[in-house]
């Protein structure tokens, strides 16, 4: 049992600087009170032990928070192929031919036909592991902490961070392509990359929020959608825009004009033909400060946005064998779990369905 006990403590008087006696009430167990009454002094270690008896440990843990990984949120995944493949190939067929005015008995009619091409991407293995000793396992049973689950979560997070980075930036040395980088022959390098128009004032600046008016910001967004639709002969109808968190907040928080109760974003959504929901403008941490005249490999120091017709037939994450845990291996006094998956690239099938705009 514990109770409040009045006890003497020696403190230093703030005015005189001399030691003085002060009485305080402290929470003390019966065992500690008995020791005090008998004049038994505690060592530092013993004092710590009794202090731990008075400590309350909260049941809920407050873990370190990590930002959302947006790669899988933004793109669909395709897992066709299986564990054993080393390459993925898709075929694309094109039609060619023409018709002409002919004579009634003509024998040299022009022929129509089809052409086919193959596109191949490599598959790579991504892996990591986690483990725990018998001692750790025994301790986790005593404390009730789900040791294996926590370590498995850490391993999965590490794997997903790698997939996310490859999805956005690729890895040229391993021939893996992403939206903004990868090998020079990968389709990301053929995506159009255009600087937005300069402002009418302020030295022809292209930067939102400084020299460009809300009208000019709206014009940048509207023009980018119209260009894709017109340049692809109405084949690709843009349905999403990717930009940094900062730039979407600017659109949400900046009024259309001093006389308007609508933000730039609200007005744009209500008055363009393609993007009608704020959810279709994705604010993505990875897109901050990566644009420039030559995007790629997480470089650049400018802001920009991506216009995209985001469909699984245009662009998708290729992961022929998703992440798994292999059987537990017992090594010495430790349990080890190896984990791996097979990842190809962000497969860009139709680069014309994507456009980079920078300078904002």
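Values quoted throughout were computed directly from the atomic coordinates according to the rules given, and no laboratory measurement underlies them. If you're wondering where the values come from, they're calculated on a predicted model, not measured in any experiment. Ideal geometry is used to build each Cβ from the backbone, glycine not excepted, and the neighbour counts take in all protein chains shown.
For region 195-319, relative contact order (Cα pairs under 8 Å, six or more residues apart, normalised by length) works out to 24 percent.
Determine the shape class of region 122-358: with a ≥ b ≥ c the square roots of the Cα gyration tensor eigenvalues, call it rounded for a/c under 1.5, and otherwise prolate if a/b is greater than b/c, oblate otherwise. Walk me through the numbers before you get to the answer.
Values: a/c = 2.81, a/b = 1.96, b/c = 1.44.
Here region 122-358 falls in the prolate category.
Remark: spin-label model distance residue 78-residue 185 equals 2.0 nm, labels positioned 7 Å along the Cα→Cβ axis.
Residues 137, 221, 126, 109 in ascending order of nearby Cβ atoms (within 10 Å, fewest first): 109, 137, 126, 221. Ranked by the mean number of other Cβ atoms within 10 Å per residue, highest first, peptides 275-287, 167-179, 222-234 order as 167-179, 275-287, 222-234. Cα extents for region 249-360 along the principal axes, largest to smallest and rounded to whole angstrom: 73, 33, 28.
Report the Cα centroid-to-centroid distance between region 142-178 and region 211-244 in angstrom, as an integer. Using only Cα atoms, the two centres lie 34 Å from each other. Using a 7 Å offset from the Cα along the Cα-to-Cβ direction at both residue 237 and residue 141, what is the distance between the two label points in nm, to one decimal? Each label point lies 7 Å from its Cα, and together they span 6.2 nm. If R0 is taken as 25 Å, the Cβ-Cβ distance between residue 258 and residue 223 corresponds to a FRET efficiency of 0.55.
Taking 8 Å as the Cα distance limit and 6 or more residues as the minimum spacing, I'd like the relative contact order of region 148-189 as a percentage. Each step should come with its number before you reach the end.
Details: 47 pairs, mean separation 9.6, N = 42.
Value for region 148-189: 23 percent.
The mean sequence distance of close C-alpha pairs (under 8 Å, at least 6 residues apart), as a share of the length of region 122-358, puts its relative contact order at 28 percent.
Protection proxy ranking for 242-253, 145-156, using the average of other Cβ atoms within 10 Å per residue and placing the highest first: 242-253, 145-156.
In terms of packing, defined here as the mean over residues of other Cβ atoms within 10 angstrom, the peptides 63-70, 96-103 line up highest first as 63-70, 96-103.
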